[in-house]
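The values are calculated or read from the model by the stated rules, or taken from the named source; none is laboratory data. Model, not experiment: these values are computed from the prediction. So basically every Cβ, Gly included, is an ideal-geometry build from the backbone, and we count neighbours across all protein chains shown.
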């Protein structure tokens, strides 16, 4: 079972009910000032982005192979089988590598606290487990945000693009970006016009660091053998010299 | 001996106190009001000066320890023996200061040990955490003979000497791993780091540049300690290192330009943007000392040699800050300039490094004893050459 969220920008009217409901769920204060700042922050974990007549939504994309999960040195972030990427605050030491690495610039930090946590949307993991839709899907009055199985939502999105080709930019954001995500977005305009990251590769980013890390055993094995060998050779010459009653040269190893 | 006990001038002492006072205030703000109050970091720019300079540069600047230990104890280049101890001391202090800086930067510093028990072997940061922990332990053991000798504890000294060669080998491997991995940290941000710095070769650059700056640091501190303690500068030794330094700089620059050319981004260097100028600055800071150090007149002149070492250190710092701070600026969408409290903490850490090094060099047998002093070693005098400790 892999669950997902589909956001259809063409159905969004910018009422921000998703933001309000989300803040309510996390117990965060929500007011006009917070609503007006269209950025993810410790005050809101999802935001509507207004671009003229059009809207976009920013939230955690819940990548299939999440960058944040791969970089976290203490495994505080995990991709669940159901789809959501969840965060365990008890493990987190606050290195903020997830924030640096996230290609969607999603995780935020409690900068003003002395015991800060990372914050991000968890796709209402507990609600999903209870068979309920995400808080934002439930709050959305126009059906712009819906929850469902990923394959079904993908199918639905493709269907909408095909039936009303003039209304949509013909691609699904989150389908292939960095290897695909559990949040899918469709809109009338390409992502860069809606304030979303557009220059993302199609392959999962963790591959990049994994390639480098896979050399670790080689460095250890070859390194030990090589250094041990060099030591044996350079000091063997001394032993020979001593046995022959000569004084060892100055830089024997050269 | 009287020169040895001479204190630095009043100016430096006053500056030192001033910096530490600022650092103490910054520490107070950091501890009681959090990262938001003490730094200019933000959700868009989560890593700043403390990671970019204190950690990334700090670890690199301490790389002289493993290269010199390997040269003397593995490659048997024995004439470099007199400068192994100061290099290991620098490395050990360097790593302690890096850990100290991390305590400032981590949101919850009291959880710094978490990576040791909560594993994620897919994370570069996890690997770095383990390597730095292990290597700091190795450095402590490599430096231990100096302390043990000072207090005449010959029994444990014997034990340490017995495992010294495996320790040095472990130190070289751990260093190779984490020096390069600091570069691998940034492999994950291909679309955020400016193309003049993002390359799949980042781990290679971080490793080679660490070895290069390790040499420059050794020259730098030899010069300083010769001034401070009125010792003769080991010019013949430094000449050998300066030659290697020139060659390594050439290698760095050749790989740098080949990589830029192959990725087709060389033209970005002449775009006239902030990044282009910073790149040109970084490259000229490496090219100038390289050209100079190929001349024997320069290598024989202590002041010129010192100036070259300083330029190499600046080139290195420029590269690491370009990767970690300025190269990340454009994609982040915000302007990050360190807050004065951030700068104060960094300056305090540098000042602390100088002070502790000076203190250790004064009271511990770090530098080779003067010839006329009798050797106070009653027991381990008959150590065969092959069992010499890096501290020797």
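Structure summary
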| quantity | calculated |
| --- | --- |
| Some residue of segment A:20-37 being surrounded by 23 or more Cβ atoms within 10 Å (Cβ to Cβ), under 30 Å from residue B:122 (Cα atoms) and touching a residue at least 12 places away in the same chain (Cβ under 8 Å) | no |
| Selection status of residue B:70, assigned to a helix (DSSP H, G or I), within 9 Å of another protein chain (Cβ to nearest Cβ) and farther than 30 Å from residue A:112 by Cβ | yes |
| Criterion: in a helix (DSSP H, G or I) and touching a residue at least 60 places away in the same chain (Cβ under 8 Å) - qualifying residue of A:138, A:152, A:81 | A:138 |
| Matching residues, segment A:84-99, being at the interface with chain B (Cβ under 8 Å from one of its Cβ atoms) and outside any loop (DSSP other than H, G, I, E, B) | A:97, A:99 |
| Qualifying residue in segment A:156-171 (condition: part of a helix (DSSP H, G or I), within 15 Å of residue A:104 (Cβ to Cβ) and touching a residue at least 24 places away in the same chain (Cβ under 8 Å)) | no |
| Single unsatisfied condition, residue B:121 versus (1) within 17 Å of the chain's Cα centre (by Cα); (2) at pLDDT below 95 | (1) |
| From A:74, A:69, residue being assigned by TED's automatic domain parsing to the domain that holds residue A:15 and more than 11 Å from the chain's Cα centre (by Cα) | A:74 |
| Residue satisfying condition, being in a loop (DSSP other than H, G, I, E, B), at pLDDT 95 or above and surrounded by fewer than 22 Cβ atoms within 10 Å (Cβ to Cβ), within set B:110, B:198 | B:198 |
| Tally of residues being in a helix (DSSP H, G or I) and at pLDDT below 95 across segment B:277-303 | 6 |
| Selection count where residues are at negative phi, in a loop (DSSP other than H, G, I, E, B) and surrounded by fewer than 17 Cβ atoms within 10 Å (Cβ to Cβ), scope segment A:118-135 | 2 |
| Selection status of residue A:178, within 14 Å of another protein chain (Cβ to nearest Cβ), out of contact with any helix residue (DSSP H, G or I) (no Cβ under 6 Å at 6 or more places or on another chain) and under 21 Å from residue A:123 (Cβ atoms) | yes |
| Residue in segment B:142-158 that is touching a residue at least 12 places away in the same chain (Cβ under 8 Å) and at the interface with chain A (Cβ under 10 Å from one of its Cβ atoms) present | no |
| Sole exception among (1) facing chain B (nearest Cβ under 9 Å); (2) crowded, with 23+ Cβ neighbours inside 10 Å; (3) out of contact with any strand residue (DSSP E or B) (no Cβ under 7 Å at 6 or more places or on another chain) for residue A:102, by number | (1) |
| Condition met for residue B:41 (buried (at least 24 other Cβ atoms within 10 Å of the Cβ) and part of a loop (DSSP other than H, G, I, E, B)) | yes |
| Residue within segment A:184-198 that is more than 14 Å from every other protein chain (Cβ to nearest Cβ), farther than 27 Å from residue A:127 by Cβ, in a helix (DSSP H, G or I) and modelled with pLDDT of 95 or more present | no |
| Residue match in segment A:235-245 (condition: modelled with pLDDT under 95, within 11 Å of another protein chain (Cβ to nearest Cβ) and either closer than 30 Å to residue B:123 by Cα or touching a strand residue (DSSP E or B) at 6+ places or on another chain (Cβ under 8 Å) (or both)) | no |
| Qualifying residue in segment B:45-62 (condition: in contact (Cβ under 8 Å) with a residue 12 or more places away in the chain, closer than 21 Å to residue B:364 by Cα, more than 12 Å from chain A (Cβ to nearest Cβ) and in contact with a helix residue (DSSP H, G or I) (Cβ under 8 Å, 6 or more places away or on another chain)) | yes |
| Residue in segment A:18-38 that is part of a loop (DSSP other than H, G, I, E, B), assigned by TED's automatic domain parsing to the domain that holds residue A:121 and under 24 Å from residue A:103 (Cα atoms) present | yes |
| Residue among B:172, B:208 that alone is part of a helix (DSSP H, G or I) and within 8 Å of chain A (Cβ to nearest Cβ) | B:172 |
| Residue within segment A:195-204 that is crowded, with 20+ Cβ neighbours inside 10 Å and touching a strand residue (DSSP E or B) at 6+ places or on another chain (Cβ under 7 Å) present | yes |
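Residues checked against (1) crowded, with 22+ Cβ neighbours inside 10 Å; (2) more than 14 Å from residue A:73 (Cβ to Cβ); (3) in contact with a strand residue (DSSP E or B) (Cβ under 8 Å, 6 or more places away or on another chain):
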{"position": "B:84", "(1), (2), (3)": "yes, yes, no"}
{"position": "B:92", "(1), (2), (3)": "yes, yes, no"}
{"position": "B:117", "(1), (2), (3)": "no, no, no"}
{"position": "B:135", "(1), (2), (3)": "yes, yes, no"}
{"position": "B:152", "(1), (2), (3)": "no, yes, no"}
